[in-house]
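The values are calculated or read from the model by the stated rules, or taken from the named source; none is laboratory data. Bear in mind that the values here come from a model prediction, so they are computed numbers and not experimental data. With ideal geometry, Cβ positions are generated from the backbone for all residues, glycine too; neighbour counts draw on all protein chains shown.
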Amino acid sequence: MPASIPASGPTPAASRFTVELLAVGDELLYGDIVNNNAAWLGRQLAEIGVRVPTSVVVGDDTSAIAGAVKAALDRADAVVLTGGLGPTQDDLTREGLAAAAGVALRRDEFLADQLRRRFRALRRDVPERNYGQADLPEGAQPLPNDRGTAPGVRLEIRSGVAYALPGVPHEMEEMFRASVLPDLLRRAGEPAIVVHRVIRTAGMWESAVAEAMAPEVERLAREGGNPTVAFLASGGQTRLRISAHAASRGDAARLIAPVEEFARGALGSAVYGFDDDSLEGVVVTQLTRAGATVAVGESLTGGLLAARLTDVPGSSEAFRGGVVAYSSDAKERLLGVPRDGLAQFGAVSAESAADMAVGARESLGATYGLSLTGVAGPDEQEGKPVGTVFAGLSAPEGVTTRALRLPGDRPRVRTYAVVAALDLLRRYLAPG
């Protein structure tokens with residue numbers, strides 16, 4: 001088994017300790033702000049093996065916050081709140097926590113003095129409303145905030161604990177790492193090691209990956225659910241994450257090994273990499289090792305394929321350049337696509353994709369030419385429905401095309417098309 005298996009370090013076993021997430025703010029409910037804090041916290045907690053069974057958003061309402069906190073602590077060992085700690089009238093997280101615990105708010109004079117010193121350093125007086133940030137529920141401990149004026153809050157409620165953090169991401173993230181994470185690990189008891197192994201696939205939908213893995217997932221469930229397997233689909237690719245909890249890194253790796261072996265066999269050529277690999281990175285590495293280069297000719301993707309390849313550091317060794325030929329006359333003039341072929345088959349066709357790939361390869365002097373043409377929407381083109389895409393590959397041995405019907409709106413079709421083209425070249429360059 002490859003040695004590059006990331007471990008998160010000491011952590012509680014997932015089955016023993018649970019944390020719920022509670023985001024506060026009308027702006028989240030109305031869609032003015034996306035709740036990226038929950039995604040970040042979920043990743044951090046998953047990395048340390050803590051299970052997050054529920055993530056909730058509530059508005060700026062004291063009773064709603066209090067009810068959500070009590071409900072969370074009925075189900076979980078801890079709840080992490082984000083937002084509602086500012087100085088304005090709609091910042092009500094402290095009041096909600098106090099109501100959940102059945103206690104009053106009190107002014108913490110040390111925090112009030114900190115506010116005065118902070119504002120004095122800025123040569124400003126403390127606005128009266130800012131002093132509300134020095135109010136804490138009785139029995140609560142403040143969590144220091146070196147990046148802002150709003151301290152966090154830790155409050156024991158019944159047999160659980162609530163942590164309230166600011167909604168500003170850079171403040172929240174630093175406070176979570178410095179104050180919340182150590183306390184969670186202490187409360188969780190006997191530490192263990194959590195190791196994750198990510199297997200990356202392309203050219204295989206999430207449902208097909210899940211179906212191929214079904215016998216192994218069922219075996220793991222019968223034998224106690226360690227390791228666990230998660231399916232993560234995004235951007236036209238599917239990641240398979242294998243997570244094992246054990247007393248040591250070596251023990252966790254041994255638990256993962258047979259699951260990875262099964263996945264490699266079940267998923268076959270769809271597997272392109274592991275852990276932090278990217279599809280474009282793998283392609284650039286393949287080309288560089290072979291001493292080969294690629295050029296691209298794009299229509300519907302408008303340069304996205306070239307951008308993905310040049311995102312890779314060192315891609316200048318393998319990438320010759322690209323031509324964005326959106327109109328038919330540009331395809332003819334810049335990529336040498338024959339006019340009669342365009343008239344007979346149309347710009348959205350396997351024939352045009354083949355000619356575009358040949359033209360990119362020849363005009364830019366590359367080993368391989370890669371092309372994309374299709375219909376991204378919102379309307380059909382040349383009588384072809386949205387999602388119709390053709391990828392072409394010109395190699396020294398000949399030309400290959402792939403016909404695709406991709407789902408989704410315009411951005412998704414374009415993203416999936418880029419993945420399909422990269423995967424076409426990746427499979428061609430794969431050994432064996």
So if I check each of Ser248, Ser243, Ser299, Ser234, which one is among the polar types (S, T, N, Q) and modelled with pLDDT of 95 or more? Ser299
Is it the case, given these coordinates, that Gly31 is under 20 Å from Thr93 (Cα atoms), at pLDDT below 95 and not β-branched (Val, Ile, Thr)? yes
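The rows are residues; the columns are (1) buried (at least 18 other Cβ atoms within 10 Å of the Cβ); (2) small (Gly, Ala, Ser); (3) touching a helix residue (DSSP H, G or I) at 6+ places or on another chain (Cβ under 8 Å); (4) farther than 17 Å from Arg361 by Cβ.
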position	(1), (2), (3), (4)
Ala307	no, yes, no, yes
Gly314	no, yes, yes, yes
Ala318	yes, yes, yes, no
Gly322	yes, yes, yes, no
Tyr326	no, no, no, yes
Asp329	no, no, no, yes
Leu334	no, no, yes, no
Arg339	no, no, yes, yes
Leu342	yes, no, yes, yes
Matching residues in the range 111-125 - criterion: being more than 16 Å from Arg147 (Cα to Cα) and within 40 Å of the chain's Cα centre (by Cα): Ala112
Of all residues making up the range 205-225, the number that are touching a strand residue (DSSP E or B) at 6+ places or on another chain (Cβ under 8 Å) and outside any helix (DSSP H, G or I): 1
Quick one: what pairs do we get from the range 190-214, first residue closer than 24 Å to Ala430 by Cβ, second modelled with pLDDT under 95 and in a loop (DSSP other than H, G, I, E, B), C-beta under 7 Å, 6+ apart or different chains? Arg197/Ile5
Expected single match for at pLDDT 95 or above and closer than 19 Å to Leu304 by Cβ among Ala354, Ala347 is Ala347
(1) part of a helix (DSSP H, G or I); (2) surrounded by fewer than 23 Cβ atoms within 10 Å (Cβ to Cβ); (3) modelled with pLDDT of 95 or more: which one isn't true of Leu111, the others all being true? (3)
Would you say Ala178 is touching a Phe, Trp or Tyr at 6+ places or on another chain (Cβ under 6 Å), in contact (Cβ under 8 Å) with a residue 24 or more places away in the chain and either more than 30 Å from Leu406 (Cβ to Cβ) or not assigned by TED's automatic domain parsing to the domain that holds Ala244 (or both)? no
Could you check the range 71-88 and list, in sequence order, the residues that are surrounded by fewer than 20 Cβ atoms within 10 Å (Cβ to Cβ) and either on the phi > 0 side of the Ramachandran plot or without any contact (Cβ under 8 Å) to a residue 24 or more places away in the chain (or both)? Ala71, Asp74
Boolean, Ala343 is assigned by TED's automatic domain parsing to the domain that holds Leu424 and more than 33 Å from the chain's Cα centre (by Cα): yes
Is there a residue being touching a helix residue (DSSP H, G or I) at 6+ places or on another chain (Cβ under 8 Å), polar (S, T, N, Q) and free of Cβ contacts under 8 Å to residues at least 60 places away in the same chain anywhere in the range 135-157? yes
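Listed here are the residues, each with its yes/no results for (1) without any contact (Cβ under 8 Å) to a residue 24 or more places away in the chain; (2) more than 19 Å from Tyr428 (Cβ to Cβ); (3) out of contact with any Ser or Thr (no Cβ under 8 Å at 6 or more places or on another chain).
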site: Thr293; (1), (2), (3): no, no, no
site: Leu300; (1), (2), (3): no, yes, no
site: Ala307; (1), (2), (3): yes, yes, yes
site: Pro313; (1), (2), (3): yes, yes, yes
site: Ala318; (1), (2), (3): no, no, no
site: Gly322; (1), (2), (3): no, no, yes
site: Ala325; (1), (2), (3): no, yes, no
site: Arg333; (1), (2), (3): yes, yes, yes
site: Arg339; (1), (2), (3): yes, yes, yes
Name the residues in the range 335-380 that are among the small types (Gly, Ala, Ser) and in a loop (DSSP other than H, G, I, E, B), would you? Gly336, Gly346, Ala347, Ser349, Gly365, Ala366, Ala376, Gly377
Only one of these is surrounded by fewer than 19 Cβ atoms within 10 Å (Cβ to Cβ), part of a helix (DSSP H, G or I) and either of a type in the set (Phe, Trp, Tyr) or modelled with pLDDT of 95 or more (or both): Ala68, Ala64. Name it. Ala64
Whichever residue in the range 226-252 is in a strand (DSSP E or B) and of a type in the set (D, E, K, R) and, among such residues, is farthest from Val198 (Cα to Cα): Arg239
Quick one: count up the residues across the range 369-389 that are in contact with a Ser or Thr (Cβ under 9 Å, 6 or more places away or on another chain) and either among the small types (Gly, Ala, Ser) or under 11 Å from Gly297 (Cα atoms) (or both). 7
